[in-house]
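Peer 1: Structure below; questions to follow.
The values are calculated or read from the model by the stated rules, or taken from the named source; none is laboratory data. Bear in mind that the values here come from a model prediction, so they are computed numbers and not experimental data. Positions of Cβ are generated from backbone atoms using ideal geometry, with glycine treated the same way; all protein chains shown enter the neighbour counts.
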Amino acid sequence: MITSATNNRMKRLVQLREKSKVRFEENVFLTEGIKMFEEAPNEWIREIYVSESFCHKENNQILLKNRNFEMVSDEVFKKISDTVTPQGILCVLSCPSYELEEIIQKKNPLFLILEDIQDPGNLGTIMRTAEGAGVDGILMSRETVDLFNPKTIRSSMGSIFRVPFFYEDSLKERIEYLKKKQITIYAAHLEGAVFYDTLDYKKGTAFLIGNEGQGLKKETADLADAAIKIPMCGKVESLNAAIAAALLTYEANRQRR
């Protein structure tokens, strides 16, 4: 059992938790909690760490059966955990990779394209919503917050394991590519010409969602086939990015049912 927070493996876990650069270099990320452990694909799991108290509970012993894991003292586990009241299980997982071409070949695929989303909770919520609405993939600008930020992972509630995602060096090039593949691009914009619920999203569709504070860059919005808006009452000018993504994707879901 590891009983020192200065143990090199424990210090590495803290770095993986806190630094996206370290996660990127190792091509791994961390997840915590029983639900995330149970839902993580087995082939992604590289390492499992459990607290001493977690390991001694009968139900958890069943959960860990035939698993290789490292036991950590409760005190040390609190040091490596990102939560106030840790459940006692933490995993190191491989980052997945996907092929966009395979997704595009689906019948009438549905995409979200995110430009410079900065709040980890927003991104995780968008991913969870995307799964619920049947989104086939999420494309993100390089300036979008790290998807493997612990807060993003928690907010995704396991959807990070099931929704394909792509970080794009050039959204412009990728949008042009999607258009060539007969995917219609809609930009969520305050100056949109039409309300979002008046158009047809049954064919291949992608919704562009911009930064929480600034919205879409003009040059990005101009690439869309159409600019759409969400009706607003009172003095509200815009909605949270995750809420906007939910409205748009669930409208597409409604039309396709």
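Peer 1: For segment 213-231: of the residues being in contact with a Phe, Trp or Tyr (Cβ under 7 Å, 6 or more places away or on another chain) and of a type in the set (A, V, I, L, M, F, W, C), which is farthest from Ile183 (Cα to Cα)?
Peer 2: Residue satisfying both the conditions and the ranking: Ile230.
Peer 1: Still on this structure, please answer the following. Output the residues belonging to segment 10-35 that are under 15 Å from Phe161 (Cα atoms) and assigned to a helix (DSSP H, G or I).
Peer 2: Matches in segment 10-35: Ile34, Lys35.
Peer 1: Of all residues in segment 101-116, how many are crowded, with 23+ Cβ neighbours inside 10 Å and either modelled with pLDDT under 95 or not aromatic (Phe, Trp, Tyr) (or both)? Steps first, answer last, please.
Peer 2: Of segment 101-116, the ones crowded, with 23+ Cβ neighbours inside 10 Å are 110-115.
From what is left, the residues that are either modelled with pLDDT under 95 or not aromatic (Phe, Trp, Tyr) (or both) are 110, 112-115.
Total meeting the criteria: 5.
Peer 1: Which members of segment 167-181 meet the condition of being of a type outside the set (A, V, I, L, M, F, W, C), touching a residue at least 24 places away in the same chain (Cβ under 8 Å) and in contact with a Leu (Cβ under 9 Å, 6 or more places away or on another chain)?
Peer 2: Matches in segment 167-181: Tyr167, Glu168, Lys172, Arg174, Glu176, Lys179.
Peer 1: If you don't mind, another one. Hey, does segment 178-187 have a residue that's over 30 Å from Phe29 (Cα atoms), surrounded by fewer than 19 Cβ atoms within 10 Å (Cβ to Cβ) and in contact with a Ser or Thr (Cβ under 7 Å, 6 or more places away or on another chain)? Explain how you work it out, then say what you get.
Peer 2: Taking segment 178-187 as the starting set, the residues that turn out to be over 30 Å from Phe29 (Cα atoms) are 179-187.
Filter once more, so that each one left must be surrounded by fewer than 19 Cβ atoms within 10 Å (Cβ to Cβ): 179-182, 184.
Among the residues that remain, those that are also in contact with a Ser or Thr (Cβ under 7 Å, 6 or more places away or on another chain) are: 184.
Scanning segment 178-187 turns up at least one residue that is over 30 Å from Phe29 (Cα atoms), surrounded by fewer than 19 Cβ atoms within 10 Å (Cβ to Cβ) and in contact with a Ser or Thr (Cβ under 7 Å, 6 or more places away or on another chain).
Peer 1: Related question: Determine the pairs where a residue that is surrounded by fewer than 16 Cβ atoms within 10 Å (Cβ to Cβ), located within segment 75-88, has a partner that is of a type outside the set (A, V, I, L, M, F, W, C) with Cβ atoms under 7 Å apart, the partner being 6 or more residues away or on another chain.
Peer 2: Here the result reads Thr83/Glu32, each pair linking segment 75-88 to a residue that is of a type outside the set (A, V, I, L, M, F, W, C).
Peer 1: Of all the residues that make up segment 36-59, how many are under 22 Å from Phe161 (Cα atoms) and surrounded by 13 or more Cβ atoms within 10 Å (Cβ to Cβ)?
Peer 2: Number of matching residues: 10.
Peer 1: Please state which of the following conditions Asn66 fails to meet, knowing it meets all the rest: (1) out of contact with any Phe, Trp or Tyr (no Cβ under 6 Å at 6 or more places or on another chain); (2) modelled with pLDDT under 95; (3) buried (at least 16 other Cβ atoms within 10 Å of the Cβ); (4) not hydrophobic (A, V, I, L, M, F, W, C).
Peer 2: It is condition (3) that Asn66 fails.
Peer 1: If we keep just the residues of segment 53-104 that are among the polar types (S, T, N, Q) and part of a loop (DSSP other than H, G, I, E, B), which is nearest to Ser155 (Cα to Cα)?
Peer 2: Step one: list which residues in segment 53-104 are among the polar types (S, T, N, Q), which gives 53, 59-61, 66, 68, 73, 81, 83, 85, 87, 94, 97.
Checking the rest, the ones that are also part of a loop (DSSP other than H, G, I, E, B) come to 66, 68, 73, 81, 83, 85, 87, 97.
On the way: Asn66: 29, Asn68: 27, Ser73: 27, Ser81: 16, Thr83: 13, Thr85: 16, Gln87: 16, Ser97: 21 Å.
Filtering first and then ranking leaves Thr83.
Peer 1: When the residues of segment 4-35 are filtered to those that are among the acidic types (Asp, Glu) and out of contact with any strand residue (DSSP E or B) (no Cβ under 8 Å at 6 or more places or on another chain), which remaining residue is surrounded by the fewest Cβ atoms within 10 Å (Cβ to Cβ)?
Peer 2: Taking segment 4-35 and keeping what is among the acidic types (Asp, Glu), we get 18, 25-26, 32.
Now drop any that are not out of contact with any strand residue (DSSP E or B) (no Cβ under 8 Å at 6 or more places or on another chain), which leaves 18, 25-26.
On the way: Glu18: 13, Glu25: 11, Glu26: 15.
This residue is Glu25.
Peer 1: Cβ-Cβ below 8 Å, separation at least six or inter-chain, first residue in segment 120-134 and assigned by TED's automatic domain parsing to the domain that holds Phe166, second among the basic types (Lys, Arg): which pairs?
Peer 2: From residues that are assigned by TED's automatic domain parsing to the domain that holds Phe166, the pairs are Pro120/Lys151; Gly121/Lys151; Gly124/Lys151; Gly124/Arg154; Glu131/Arg162; Gly134/Arg256.
Peer 1: Could I ask something else about it? So which residues in segment 45-74 are among the charged types (D, E, K, R), touching a residue at least 40 places away in the same chain (Cβ under 8 Å) and either assigned by TED's automatic domain parsing to the domain that holds Asp136 or over 19 Å from Ala5 (Cα atoms) (or both), if there are any at all? Let's see the steps before the verdict.
Peer 2: Taking segment 45-74 first, the residues among the charged types (D, E, K, R) are 46-47, 52, 57-58, 65, 67, 70, 74.
If we keep only those that are touching a residue at least 40 places away in the same chain (Cβ under 8 Å) as well, we get 46-47, 52, 70.
Across segment 45-74, the qualifying residue is only Arg46.
Peer 1: Within the bounds of segment 144-159, is there any residue that is of a type outside the set (A, V, I, L, M, F, W, C) and out of contact with any helix residue (DSSP H, G or I) (no Cβ under 8 Å at 6 or more places or on another chain)?
Peer 2: Of all residues in segment 144-159, those of a type outside the set (A, V, I, L, M, F, W, C) come to 144, 146, 149-152, 154-156, 158-159.
After this cut, where a residue has to be out of contact with any helix residue (DSSP H, G or I) (no Cβ under 8 Å at 6 or more places or on another chain) as well, the list is none.
No; the residues of segment 144-159 include none that is of a type outside the set (A, V, I, L, M, F, W, C) and out of contact with any helix residue (DSSP H, G or I) (no Cβ under 8 Å at 6 or more places or on another chain).
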